[in-house]
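Nothing in this text is a laboratory measurement; each read-out follows from the coordinates by a stated rule. From a predicted model like this one, the values you see are computed outputs, not experimental measurements. Using ideal geometry, Cβ is built from the backbone for each residue, glycine included, and neighbour counts are taken over all protein chains shown.
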Amino acid sequence: MLEYVAKRLLLTIPTVVTITLVVFLMLHAVPGDPAIIFAGDKNVTPEQLAVVRLEMGLDRPIMVQYIDYLSRILVLNLGRSLYSRIPVTHEIGNRVSSSAELAVAAFALASVLGILLGVVSALWRSSWVDVAAMSFAIVGVSMPIFWLASMLIFVFAIMLGWFPVTGAGGLNRLVLPALALGMISSATLARLVRSSVLEILSQPYVTTARSKGLREIVILTRHVLKNAFIPVITVMGLQFGTLLSGAVITETVFARPGLGKLLVDAILIKDFPVIQAVILIVSLIYVLMNLLVDVSYAFLDPRIRFD
Amino acid sequence: MPSSTHASALTEAPVAAPVHSRSAWRDALTRLRRSRGAWVGVAMLGLIVLAVLGAPLLTPKDPLAVVVEEGFLPPGPGHVFGTDILGRDMLTRMLYGGRLSLVTGIISVSFALVLGVPMGVVSGYYGGLADRLIMRLVDIMLTFPGILLALVIVAVLGPSLFNAMIAVGISASPTYARVVRATTLAARIEAYIEAARALGCSSPRIIVRHILPNTVAPLIVLGTLGVAGAMISAAALSFLGLGAQPPEPEWGALLSEGRSYLRVAWWMTAFPGFAIMVTVLAINLLGDGLRDALDPRLRT
């Protein structure tokens, strides 16, 4: 097990390096001179540009710049916002808890709702419960999150006045965003859980368990769910990624001061140090999540460890 | 010979009806016809396509015509879906905007196919270094979750509907590359490929004539579901202000405009979003039906 974890950990190193490379190259992929971006896209004299180039080290070979970028990441220096001049790490630090709160709440809701709907509809296959749950799921998969979020605001915040419309802080302001984000993810999950449980239910070992006279509840918990959850966990890991990007939209709709809103605002004003830093952080979180998923996967399914 | 005993066993078996030769495609079509979801999807999609194409027949109004004194009219006679702040008829804007939204989904998927299919075929057919490089690239693209890669690309290219389509297309391409690679790998070891090679077929000819046809079925399924996903992603980018720019009446952009007036004009947000949902739902129903009919292995 330990060996597997170590091997998997080693494999993430090239991934992390490529992420930093892509994020670094982003700036240079923008059509035009990166110095103009740093100068704020205004009318600048060539002399000013030369100063910016020198200050930002843009006059050096690109490899040197990249290595410099890497060494700055290692000491958590991600530069300053071009507009507010605040260090980016500072901005991110202020907002990360709001995003984490949303992601955790939505993830919990998505998991509970998705697993419940999936298991129930598989057990009562073709009954009205199944039809209702799967109709909910396909509508949920087709629903744009920004629309669901807007409609939740309209009904529960504006018409009924149960919750505040926007902002962050307190459980009150978390309910609607978490509901919007969690419901969309639960739809995908419900579909997967259903097909996974159905597949396990048709396995010979379930028939064996039944013929042994085990109670249905024992068969379900010990034989069916345990096996059905192996693919589900992978997808839950992937869903976390979907959740991260869904958070970008949800935070914008609810004007929650999180990482996603920071990113969208930065893209709109071309604040590249902020864009790069947020993309870097979010991708690294995603890589970390996938690592955790793979490790827990190996823990649940011994076959993977010995592959 | 084992095959002859097998054949005789077959002839001895009590087969009632004469066996007609049926192609895999006809089998799939039969399965598709039996899928109620696919029918509902096709019917809904057909109505939507007819409505957006026949927009000038359904509504005499101009989607961009400003009538300031008719601003913020709630849904009612004259304006079924109400009007926006400038008095523009929402139904008209949605019908014309639907053209943009549907085309956006299709073009995004086309970009993804144009990028992903060659990557997958080359990777699967030639293997070796090409395979490793391409799959490395695919892995890199997949390390950016969901819409994040599209956001990176839009950040680099700048906000516009066309750039949003490129961004959504590029970020969807790894999925196509992977599926095509897997199908190619499976097809490459078939006897008919070996036969073609023995007959002196060139590699490009083998790829085009014998490998690519294998990828058509999974690509139809993925592409259909992909249009639904691409429509949502592109609308999301427009909603964030990174795609279609006003006054383009793309559905995501309409919704984005409406959001500022949620308190006074809910219809500006409710109807465009509903239109996106119904269209995506129709495409998803069709896609699910196609998947069950064409490629049961893709079932999730």
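Would you mind classifying chain A by shape? Square roots of the alpha carbon gyration tensor eigenvalues, ordered a ≥ b ≥ c; an a/c under 1.5 is rounded, otherwise it is prolate if a/b is larger than b/c and oblate if not. Oblate shape, in that a/c is at least 1.5 and b/c is the bigger or equal ratio. Shown in residue order for the range B:48-54 are the 3J(HN,Hα) couplings computed by the Karplus curve 6.51 cos²θ - 1.76 cosθ + 1.60 at θ = phi - 60°: 5, 4, 4, 5, 6, 6, x Hz (x for Gly and Pro). Between A:Arg80 and A:Val88, the built amide H atoms are under 5 Å apart, and every one of these is 5 or more places off in sequence or on another chain. Taking amide H atoms as placed 1.01 Å from N in the peptide plane, the amide H of B:Leu73 lies under 5 Å from those of B:Thr83, each 5 or more residues away in sequence or on another chain. Altogether, the Stokes-Einstein calculation at 20 °C and 1.002 mPa s, with the Kirkwood radius of the range A:148-287 over Cα pairs as Rh, returns a diffusion coefficient of 120 µm²/s.
The packing ranking of peptides A:218-224, A:260-266, A:123-129, B:124-130, highest mean first, is A:260-266, A:218-224, B:124-130, A:123-129, where packing means the average number of other beta carbon atoms within 10 angstrom of each residue. If I histogram all Cα-Cα distances within the protein assembly as shown using bins 10 Å wide from 0, what percent of pairs lands in each bin? With a bin width of 10 Å, the distribution comes to 3, 14, 23, 26, 19, 10, 4, 1, 0, 0. Centroid-to-centroid, using Cα positions, the range B:121-146 and the range A:117-191 are 36 Å apart.
Counting Cβ atoms of other protein chains within 10 Å of each residue's Cβ and taking the mean over peptide B:135-141 gives 2. Around the amide H of B:Thr59, modelled in the peptide plane, lies no amide H under 5 Å away from a residue 5 or more places distant or on another chain.
The HN-Hα couplings worked out from phi for the range A:229-240 by the Karplus form 6.51 cos²θ - 1.76 cosθ + 1.60 (θ = phi - 60°) are 7, 4, x, 4, 5, 4, 5, 5, x, 5, 4, 4 Hz, whole numbers, x standing for Gly and Pro. Averaged over the residues of peptide B:238-244, the number of Cβ atoms from other protein chains lying within 10 Å of each residue's Cβ is 4. Averaging the Cα positions of each part gives two centres, and for the range A:13-69 and the range B:171-210 these lie 42 Å apart. With contacts taken as Cα pairs under 8 Å and at least 6 residues apart, chain A reaches a relative contact order of 25 percent. With a 10 Å cut-off around each Cβ of A:144-156, the average count of Cβ atoms from other chains is 6. Contact order, relative form, for chain B: 24 percent (alpha carbon pairs under 8 Å, 6 or more residues apart, mean separation divided by residue count). Between Rg and the Kirkwood Rh of chain B, both from Cα atoms, what is the Rg to Rh ratio? Result for chain B is an Rg/Rh of 1.10.
Annotation for the range B:21-125: trypsin sites (Lys or Arg not before Pro) lying in DSSP loop with at most 11 further Cβ atoms inside 10 Å of their Cβ are B:Arg22. Working note: Karplus 6.51/-1.76/1.60 with θ = phi - 60° gives the range A:72-82 the couplings 6, 4, 4, 9, 6, 9, 9, x, 10, 4, 5 Hz, where Gly and Pro are set to x.
Sparsely packed loop sites in the range A:1-65 (the trypsin sites (Lys or Arg not before Pro) outside DSSP H, G, I, E and B with at most 10 other Cβ atoms within 10 Å) comprise A:Lys42. So how tilted is helix A:175-201 from the main axis of chain A? Cα-based, degrees 0 to 90, rounded to 10. The helix A:175-201 is inclined about 50 degrees to chain A. Rounded to the nearest 10 degrees, the inclination of helix B:2-12 to the longest alpha-carbon principal axis of chain B is 70 degrees. Pairing the Cα long axis of helix B:212-239 with the longest principal axis of chain B, what angle in degrees results, from 0 to 90 and rounded to the nearest 10? Taking Cα atoms only, the helix is inclined about 20 degrees. Sorted ascending by nearby beta carbons within 10 Å, beginning with the fewest, B:Phe271, B:Phe239, A:Phe107 become A:Phe107, B:Phe271, B:Phe239.
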